[in-house]
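Each remark here refers to the structure printed beneath this line.
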Ligand SMILES: Cc1cc2nc3c(=O)[nH]c(=O)nc-3n(C[C@H](O)[C@H](O)[C@H](O)COP(=O)(O)OP(=O)(O)OC[C@H]3O[C@@H](n4cnc5c(N)ncnc54)[C@H](O)[C@@H]3O)c2cc1C
């Protein structure tokens, strides 16, 4: 089984978000980058298929050379091979089109991407890829089993879950729940050493236009002071929620 | 030309977010001077559409569409969009809409922006305001396709009545074959979901263990609220993953969010920040949540919450 996992390089979850150049650009100064958490859940599941079923795992990102540390990290976690498409990921369409070019040249049985990235939250890449390749697609995936050429995937729905099945190839939008938190792999020294020897191919992008452009950013308005209510006076809290905030 | 709104239904009734996207579509239609057309599947009672501003309603009643299937649904919507010459399509941010939106975008070769929180800043070119960095910021994004899809954030616009003259059409659509099979669906009934809830009650590690969750559940019950939790609480298996809210869990955009024994880590706040009013109960006055909250009680959850439940019951009667 051949698995492709799409990886997005995103600011660490503790990052304070600031903008520069008249609020037109994200300030990357001092920002630490991580593997997008949803992608990491997907990668962890892919490595499980590698270890239990001998699958081959390729990781792919669309990004500049500054993304290479996290691609090396994916290799240290256990991916066999990495590909970087050398382009600035302008929007979800652009990225999905780049990825689809790679998919057309390789026979991946399973393609996993995070259901969304935690920076631009587009939630587009796996779905658009599925549309472009005309592959079956399950997003918000919280469980994935593969037997022969049939995938059984659970999708989280509002208020429950749905269990779906499909022939391979299939595209999965990964999210929390797909693997347990304790199963996330922290690379060990051996993994890190091996990762240096593994291939990381750099590929030129195809020529394609994004369909959206970010014109500017805005930060949320600063919040007013919290109103403290003494713990022995919950009546006052109820009064405030009812008469002032009007939410109960 | 038109603005197309997908009015989602469940068990032959409109979902709450259907009326919100329709209200948004109506407001946009006034700005753009276009008609607002709704497309719905398997609906009997359509009064709500006229009440919330539909100029035209297209209903596809077909028992084969009883179960949601992303590809089939998106194909039907794309056919209607082409027929109605829709330039803008509005979807909610339900799990199903987020699932079908990218597929629809490919079918129509359109752009798509999820998490939109307001009416467009400009309509030509179309510039929308949306959240990014998981609610830590907003961006103004220009959507520059012939057809553009807007995914409206839950609870961002509200439901507004606007009695209108609606023309009704029933449409029969030749369904494509969807090769994904639904084996089974498990849905908790009789419980408010985080996505639909006006009020969400969330518990953190400060509650000490799953055996104390009756505090959260009882409080939720008095208020008709959904229950949620912080990440470590779901990681430790005290509560199901589906209740985990925050940057790596579910987003919450309720009217009222009450956090009990949650410290208010940046990843937690990011996910719940779109909620309109935030309340925290925590015994540590230094807990970061107090900086994000509108109302706070410094106190022991095990003392404050039972009192709150008792007083709320009295208040509700
Ligand atoms: C990559 C990444 C992603 C993450 N994503 C998320 C996410 O999506 N959502 C999320 O929630 N977290 C997330 N986290 C974790 C986050 O950093 C915090 O660790 C977590 O939110 C803390 O959970 P908590 O508030 O329940 O527990 P704690 O931080 O342990 O806080 C417990 C609080 O309870 C209070 N308390 C204790 N006893 C009582 C009492 N008797 N009465 C009242 N209050 C009491 C304490 O004062 C304390 O403030 C993420 C972390 C990482 C690294």
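To one decimal place, what Kirkwood hydrodynamic radius in Å is obtained for chain B from all pairs of distinct Cα atoms?
Computed over Cα pairs of chain B, the Kirkwood hydrodynamic radius comes out at 20.9 Å.
Which three extents, in angstrom, do the Cα atoms of the stretch B:21-111 have along their principal axes, listed largest first?
32, 32, 24
Taking the Cβ of each residue in B:138, B:41, A:93 as the centre, tally the other Cβ atoms inside 10 Å and list the residues starting with the fewest.
B:138, B:41, A:93
Give me a single rounded figure for B:245-255: the average over its residues of other chain Cβ atoms within 10 Å of their Cβ.
The shielding value for this peptide is 3.
Would you please state the base-10 log of I(q)/I(0) at q = 0.11, 0.16, 0.17, 0.18 1/Å for chain A, with intensities from the Debye formula using one equal scatterer on every alpha carbon?
-0.65, -1.14, -1.26, -1.39
Mind checking the angle between helix B:70-83 and chain B's longest principal axis? C-alpha axes, 0 to 90 degrees, to the nearest 10.
40
Using only alpha-carbon positions, what ratio does the radius of gyration of the protein assembly as shown give when scaled by 2.2 N^0.38 Å? It would help to have the intermediate numbers written out before the result.
Numbers: Rg = 23.4 Å, N = 565, 2.2 N^0.38 = 24.4 Å.
So the protein assembly as shown has a normalised radius of gyration of 0.96.
Name the residue, out of A:102, A:35, A:214, whose mean-square fluctuation peaks in a Gaussian network model built on chain A with Cα pairs under 10 Å.
Its mean-square fluctuation being the largest, the pick is A:214.
Using 5 Å bins from zero, what percent of all Cα-Cα pairs in the stretch B:175-215 falls into each bin?
Final binned percentages: 5, 14, 14, 14, 17, 11, 9, 7, 5, 4, 1.
Explain nothing, just the number: relative contact order of the stretch A:1-67, from Cα pairs under 8 Å at least 6 residues apart, as a whole percent.
So the answer I get is 50 percent.
Between the stretch A:114-156 and the stretch A:197-235, how far is it from one alpha carbon centroid to the other, in angstrom?
The stretch A:114-156 and the stretch A:197-235 have Cα centres spaced 22 Å from each other.
In the Gaussian network model of chain B, springs joining C-alpha atoms below 10 Å, which of B:285, B:120, B:251 carries the largest mean-square fluctuation?
Per the Cα network of chain B with a 10 Å cutoff, B:285 tops the list.
Report, in deg cm²/dmol and to the nearest 500, the calculated mean residue ellipticity at 222 nm for the protein assembly as shown, where each DSSP H run with n ≥ 4 adds -39500 (n - 2.57) and the sum is divided by the residue count.
Helices in the protein assembly as shown give a 222 nm mean residue ellipticity of -8500 deg cm²/dmol.
Once both axes come from the Cα atoms, what is the angle between helix B:214-223 and the longest principal axis of chain B, in degrees from 0 to 90, rounded to 10?
Roughly 50 degrees between the two axes.
If you average 1/r over every pair of different alpha-carbon atoms in the stretch A:97-164 and take one over that average, what Kirkwood value in Å do you get?
13.1
Relative contact order for chain A using alpha-carbon pairs under 8 Å, separation at least 6, rounded to a whole percent?
24
Mean shadow of the stretch A:1-120, computed from the convex hull of its alpha carbons, in nm²? Mind dumping the intermediate values first?
On the way: hull surface 30.0 nm².
With the hull built on Cα positions only, its mean projection is 7.5 nm².
I'd like the orientation of helix A:37-53 relative to chain A: the angle between its Cα long axis and the longest Cα principal axis, in ° from 0 to 90, rounded to 10.
40
Give me B:184, B:122 sorted ascending by neighbouring Cβ count inside 10 Å, so fewest comes first.
By the 10 Å Cβ count, ascending: B:184, B:122.
Counting every Cα pair in the stretch B:2-170, what percent are over 23 Å apart? Write down the numbers at each step before the final one.
Values: 4401 of 14196 pairs.
Tail of the P(r) past 23 Å holds 31 percent of the pairs.
Return, ordered by residue number, the residues of the stretch B:252-278 whose backbone nitrogen is under 19 Å from a label point located 7 Å along Cα→Cβ of residue B:303.
B:260-262
For the stretch A:29-84 and the stretch B:157-225, compute the distance between their C-alpha centroids and round to whole Å.
That distance is 34 Å.
Under a GNM of chain A (C-alpha, springs under 10 Å), which listed residue has the highest mean-square fluctuation: A:226, A:57, A:138?
The residue with the greatest mean-square fluctuation here is A:226.
Using a ≥ b ≥ c from the Cα gyration tensor of the stretch B:199-316 (square roots of the eigenvalues), is it rounded, prolate or oblate, where a/c under 1.5 gives rounded and otherwise the larger of a/b and b/c decides, a/b for prolate?
rounded
With no solvent and one equal point scatterer per Cα, compute the Debye intensity ratio I(q)/I(0) for the stretch A:105-205 at 0.11, 0.12, 0.16, 0.17 Å⁻¹ and report its log10, rounded to two decimals.
Debye curve over Cα of the stretch A:105-205, log10 I(q)/I(0) at q = 0.11, 0.12, 0.16, 0.17 Å⁻¹: -0.43, -0.51, -0.87, -0.95.
Using Cα centres only, tell me the gap between the stretch B:238-266 and the stretch B:67-139 in whole Å.
26
Using Cβ contacts closer than 10 Å as the measure, can you line up B:87, B:187, B:278 from fewest to most?
So the residues, fewest neighbours to most, are B:187, B:87, B:278.
If r is the Cβ-Cβ distance from residue B:211 to residue A:143 and R0 is 30 Å, what FRET efficiency results, to the nearest 0.05? Please list the in-between numbers first.
On the way: r = 27 Å, r/R0 = 0.91.
The formula returns an efficiency of 0.65 here.
With an 8 Å cut-off on Cα pairs and a minimum separation of 6 or more residues, tell me the relative contact order of chain B in percent.
14
We did not get these values from a lab; they are worked out from the coordinates using the rules stated. Small disclaimer: the values here were computed from a predicted structure and weren't measured. Every residue, glycine among them, receives a Cβ derived from its backbone with ideal geometry; neighbour counts consider all protein chains shown.
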